[in-house]
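Working notes, structure below.
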Amino acid sequence: MSATIVTLPDQSTARIPKVNFITKENGLLSWLLTGDHKRIAILYLISITFFFFIGGALAGLIRLELLTPQADLMATDTYNKVFTMHGVIMIFFFLVPSVPATLGNFFIPLMIGAKDLALPKINLLSWYLYMAAGMLAIYTMATGGVDTGWTFTTPLSTHYVNTNVLTTGLAVFIAGFSSIFTGLNFIVTIHKMRCPGMTWFRMPLFVWAHYAASILMVLGTPVLAIAIVLVALERTIGIGVFDPTKGGDPLLFQHLFWFYSHPAVYIMILPGMGVISETISTFSRKRVFGYTAVAFSSVAIAVFGFFVWAHHMFIMGISNYSMLVFSLLTMLVAVPSAIKIFNWTFTLYKGSITFETPMLYTFGFMGLFTIGGLTGVFLGTSGTDIHLTETYFIVAHFHFVMVGGMLMAFLAGIHFWWPKMTGRMYPEKISQLAAVVTFIGFNLTFFPQFILGTLGMPRRYAAYPPEFQVLNVFSTAGATILGVGYLLPILYLTWSLKYGAIAGSNPWQATGLEWQIQSPPLTENFAVTPIMDHECYDYEWLEKQTEKEVASVG
Amino acid sequence: MSDSTALAHAEHGHEEHPSYLRHHFENVEQQADAAGFAMWLFLLTEVMFFGGLFTAYLIYRNWYYPAFVQASHQLDIFWGTLNTAVLITSSFTMAMGVWCAETRRRSGLVFCLILTFILGIGFLGIKTIEYKEKIDKHHVPGFHYSLQSFTNPQSDPEIYEKYHDKPLALDMARHTEVYFSLYFVMTGMHALHMIIGIAILGFMIFRARGGAYTNGHVTFVENFGLYWHFVDIVWIFLFPLLYLISRHQ
């Protein structure tokens, strides 16, 4: 392994700056009533970690049940509730807010040289909405749960189940508003709050990715909201919009639901892609290859993302013509995704690559996302989809994208910016180990599921034929390893808050504006409004800066 | 800290700092700009929200055209038109309110807001009259829904005299329930937005009397005005779709 690029200040003299956004004010209220985007990001970070662990525990239960072919750990009804709540919590309370509400919240203003997001109160409101929704979701779980699957499919959700559809729906509705407010805030901030010299094409690609994801949040989420309202009204007073006995069409619900929920997949993955652009540039010491192409591919994914929703409905009785069109459009999404992967790969070419933890996660992302994306093309092909849909192939596919892609990117980002957020380094060796463990555990968990899917094992059942057991045992064993891989960062990151090495302002020698200020930053971010006088990812500029500093200090 | 504060102050020089300028904005223009932009984006989300309903309406209207025509005969054009007039007038008073705020006329602003408030309540009052009619005739979708007026139009003489509807086949008559589902959801969602708007209006009247909004900081009034006009425009679409089109076929 080659030398690292980490440059830490002399540990015997280095101190965390006395005045920073964490020490500025004390007391619980100063956090709960804060308008500071950095503090809100920390609040979000703590809360999504909490929900991640609930969702993770449910995943553990699912895998444990599937260890044996019979439904023996829990009743089949309970199993339905467990996988439903796993989906609801992981999607609406972890993946959707994961990178945007934590890292995006923290770093978008820093990256564009602003003092805060444009609407700090709305930002805080979005966290409160998120918490209210989350508490409601936990309440529904405690009082019996819901067993419709996270998709609330009608008429099951409106007519046939007696579980907490309404409260869960309300929780998702409220969480949706939290997400709308986050997206809205980002768009306004990126448009109106950039510092002098920060043109659109000097913004880090992280900001571009969030801009694209925000468009999806703002345009998609309200459609989910109205779909949920209609389900709720149908369930309570019995309006007939989705009820075939009255002339309504359950397929309309599918259209409205997936009009949000397909773009939601890109809401989840795009911010992760933004993280990858940052880490890959920093740890190969090169400007991201094809900056403009990567920037526009984010927007292209956002735009195409709105025209592919019906590929979730190929077996639900949509016409052959729309199947053809949506199949073609679905494959079109592969193009901007591939543009990103290829450009990141070209960035590596002739770069000075080092293998710090964020970079290991980044490599994990690239491999796993590519597999997840390509299997997405299989599924976009209508013929293959009809064979594979509702099997474990689907489960494996979206876990490769969401867990293998997004969660890897999230962890890459958390490690990458941890020194900036806390002022302290995480321990390098053990975190590299955690990254490798996660990668191995992930593949062991989800790769067998591709095979199970092609063999025909259906999803969402507590029991399965005994011949599938070997692969399921592999999968459950992998889940255990994966669990360890996720537990480790929690432990050592918490440890590092007190005992980690002092990071200094720019441990990675990265070029973003966020690295040119103290860590942790001041409440007002920049003492003086910065002026962006260079392109982003300009490592020569950084070198000159460092020389200048040395000269002036010397 | 003291250093950075001093620097930040030096940076701003001698510019005047109105008290309503939030710390993270460079100047008042940027602040107003950002707030206005955010409001337009929010209205965009509202367009998408109602868009889902309009989509449903378009699809079902195409499928169940005769049911939609006959069900729309149950709506009273007089009340609908009156309500449209009330709402447009309230938009006018709201626009006048924004103008008063911009030109710093405190009593004018309070007067306009109160008028808007009253007109908003008036709209909801008229809507209640209309809803009551539907409830009385069992045209609220759900358990008590009655097809009587559509399978046997003569049983509903008031409407029959005006339109002389032929009875619908049971199959098609059942689909009037979809029409009324959409009617209640669309006008109900609209009314919900009105109620929220009226609540905010009350809050604004209270604050405007104390001199808020007429000190040069009009962003809140302006943005609320945008919201109010948006709710108005939704009705401008709902009125023809639900009451007017194809009424005489």
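Among A:Phe177, A:Phe186, A:Phe152, which is among the hydrophobic types (A, V, I, L, M, F, W, C), at positive phi and either outside any helix (DSSP H, G or I) or within 14 Å of chain B (Cβ to nearest Cβ) (or both)?
A:Phe152
Please go through the stretch A:21-44 and pick out each residue that is touching a residue at least 60 places away in the same chain (Cβ under 8 Å) and more than 14 Å from A:Met421 (Cα to Cα).
Of the residues in the stretch A:21-44, the ones touching a residue at least 60 places away in the same chain (Cβ under 8 Å) are A:21-22, A:24, A:33-38, A:40-44.
If the condition is that a residue be touching a residue at least 60 places away in the same chain (Cβ under 8 Å) and more than 14 Å from A:Met421 (Cα to Cα), then A:Lys24, A:Leu33, A:Thr34, A:Gly35 are the ones that fit.
Considering only residues that are within 13 Å of another protein chain (Cβ to nearest Cβ), more than 11 Å from A:Phe526 (Cα to Cα) and assigned to a helix (DSSP H, G or I), which ones fall in the stretch A:109-136?
If the condition is that a residue be within 13 Å of another protein chain (Cβ to nearest Cβ), more than 11 Å from A:Phe526 (Cα to Cα) and assigned to a helix (DSSP H, G or I), then A:Pro120, A:Lys121, A:Ile122, A:Asn123, A:Leu125, A:Ser126 are the ones that fit.
Suppose the filter is away from chain A (no Cβ under 14 Å), of a type in the set (Val, Ile, Thr) and touching an Asp or Glu at 6+ places or on another chain (Cβ under 8 Å); does B:Ile159 pass it?
Yes.
Inspect all residues belonging to the stretch A:91-98 and state whether any of them is surrounded by fewer than 24 Cβ atoms within 10 Å (Cβ to Cβ), under 21 Å from the mean Cα position of the chain (by Cα), part of a helix (DSSP H, G or I) and away from every other protein chain (no Cβ under 14 Å).
yes
How many residues does the stretch B:114-148 contain that are touching a residue at least 60 places away in the same chain (Cβ under 8 Å) and either within 14 Å of B:Tyr183 (Cβ to Cβ) or charged (D, E, K, R) (or both)? Spell out how you get there, then give the answer.
Taking the stretch B:114-148 and keeping what is touching a residue at least 60 places away in the same chain (Cβ under 8 Å), we get B:114, B:116-117, B:120-121, B:123-124, B:127, B:134, B:137, B:139.
From the residues that got through so far, the ones that are either within 14 Å of B:Tyr183 (Cβ to Cβ) or charged (D, E, K, R) (or both) too are B:127, B:134, B:137, B:139.
So the answer is 4.
Against the conditions (1) crowded, with 24+ Cβ neighbours inside 10 Å; (2) more than 23 Å from B:Met39 (Cα to Cα); (3) touching a residue at least 60 places away in the same chain (Cβ under 8 Å); (4) within 9 Å of another protein chain (Cβ to nearest Cβ), where does A:Thr168 fall short? Just the number, please.
That leaves (4) as the condition not met.
Collect the residues in the stretch A:190-223 that are in a loop (DSSP other than H, G, I, E, B), at negative phi and of a type outside the set (Ser, Thr, Tyr), keeping them in residue-number order. Talk me through it step by step, then tell me what you get.
First pass over the stretch A:190-223, keeping only residues in a loop (DSSP other than H, G, I, E, B): A:193-199, A:203-204.
Filter once more, keeping what is at negative phi: A:193-196, A:198-199, A:203-204.
If the condition is that a residue be in a loop (DSSP other than H, G, I, E, B), at negative phi and of a type outside the set (Ser, Thr, Tyr), then A:Met193, A:Arg194, A:Cys195, A:Pro196, A:Met198, A:Met203, A:Pro204 are the ones that fit.
Can you give me the number of residues within the stretch B:177-208 that are among the polar types (S, T, N, Q) and either facing another protein chain (nearest Cβ under 9 Å) or in contact with a strand residue (DSSP E or B) (Cβ under 6 Å, 6 or more places away or on another chain) (or both)?
So the answer is 1.
Name every residue in the stretch A:525-550 that is within 14 Å of another protein chain (Cβ to nearest Cβ), in contact with a helix residue (DSSP H, G or I) (Cβ under 7 Å, 6 or more places away or on another chain) and surrounded by fewer than 19 Cβ atoms within 10 Å (Cβ to Cβ), in order of residue number.
Residues satisfying the conditions are A:Ala527, A:Val528, A:Thr529.
Here are the criteria: (1) away from every other protein chain (no Cβ under 14 Å); (2) more than 18 Å from the chain's Cα centre (by Cα). Tell me which single one B:Pro66 does not satisfy.
(1)
Taking the stretch A:29-43, which residues are in a loop (DSSP other than H, G, I, E, B) and either touching a Lys or Arg at 6+ places or on another chain (Cβ under 8 Å) or of a type in the set (Asp, Glu) (or both)?
A:Gly35, A:Asp36 - these are the residues of the stretch A:29-43 that are in a loop (DSSP other than H, G, I, E, B) and either touching a Lys or Arg at 6+ places or on another chain (Cβ under 8 Å) or of a type in the set (Asp, Glu) (or both).
Yes/no per residue for (1) out of contact with any Lys or Arg (no Cβ under 9 Å at 6 or more places or on another chain); (2) over 19 Å from A:Ala14 (Cβ atoms):
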site: A:Gly478; (1), (2): no, yes
site: A:Gly485; (1), (2): yes, yes
site: A:Lys498; (1), (2): no, no
site: A:Ala501; (1), (2): no, no
site: A:Trp508; (1), (2): yes, no
site: A:Ile517; (1), (2): no, no
site: A:Val528; (1), (2): yes, yes
site: A:Lys544; (1), (2): yes, yes
site: A:Glu549; (1), (2): yes, no
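Being among the aliphatic types (A, V, I, L, M), more than 15 Å from the chain's Cα centre (by Cα) and either within 11 Å of chain B (Cβ to nearest Cβ) or under 22 Å from B:Ala38 (Cα atoms) (or both): is that true of A:Ala225 here?
Here the answer is yes, as A:Ala225 does meet what is asked.
Of A:Ser214, A:Ser281, A:Ser277, which residue is at pLDDT 95 or above, buried (at least 24 other Cβ atoms within 10 Å of the Cβ) and within 14 Å of chain B (Cβ to nearest Cβ)?
A:Ser214
Residues of the stretch B:65-80 being out of contact with any helix residue (DSSP H, G or I) (no Cβ under 8 Å at 6 or more places or on another chain) and either buried (at least 19 other Cβ atoms within 10 Å of the Cβ) or touching a residue at least 12 places away in the same chain (Cβ under 8 Å) (or both), which ones?
Those that are out of contact with any helix residue (DSSP H, G or I) (no Cβ under 8 Å at 6 or more places or on another chain) and either buried (at least 19 other Cβ atoms within 10 Å of the Cβ) or touching a residue at least 12 places away in the same chain (Cβ under 8 Å) (or both): B:Tyr65, B:Val69.
For the stretch B:89-187, please list each of the helices (runs of 4 or more DSSP H) lying entirely inside it that holds at least 3 residues being buried (at least 17 other Cβ atoms within 10 Å of the Cβ). Talk me through it step by step, then tell me what you get.
Details: elements: B:106-136, B:148-151, B:157-163, B:170-173.
Ranges flagged: B:106-136.
Any idea which of A:Leu374, A:Leu379 is among the aliphatic types (A, V, I, L, M), crowded, with 20+ Cβ neighbours inside 10 Å and part of a helix (DSSP H, G or I)? It would help to see each step written out before you state the result.
Details: A:Leu374 fails: crowded, with 20+ Cβ neighbours inside 10 Å.
Criteria check complete, one pass: A:Leu379.
Filter the stretch A:505-516 down to the residues that are part of a loop (DSSP other than H, G, I, E, B) and buried (at least 20 other Cβ atoms within 10 Å of the Cβ) and list them by number.
A:Asn506, A:Pro507, A:Trp508, A:Ala510, A:Thr511, A:Gly512
With respect to A:Val82, determine if the residue is within 24 Å of A:Ile42 (Cα to Cα) and either away from chain B (no Cβ under 14 Å) or of a type outside the set (A, V, I, L, M, F, W, C) (or both).
no
The values are calculated or read from the model by the stated rules, or taken from the named source; none is laboratory data. Not measured: the values here are computed from a predicted model. Quick reminder, even Gly has a Cβ in these numbers, built from the backbone with ideal geometry, and neighbours come from all protein chains shown.
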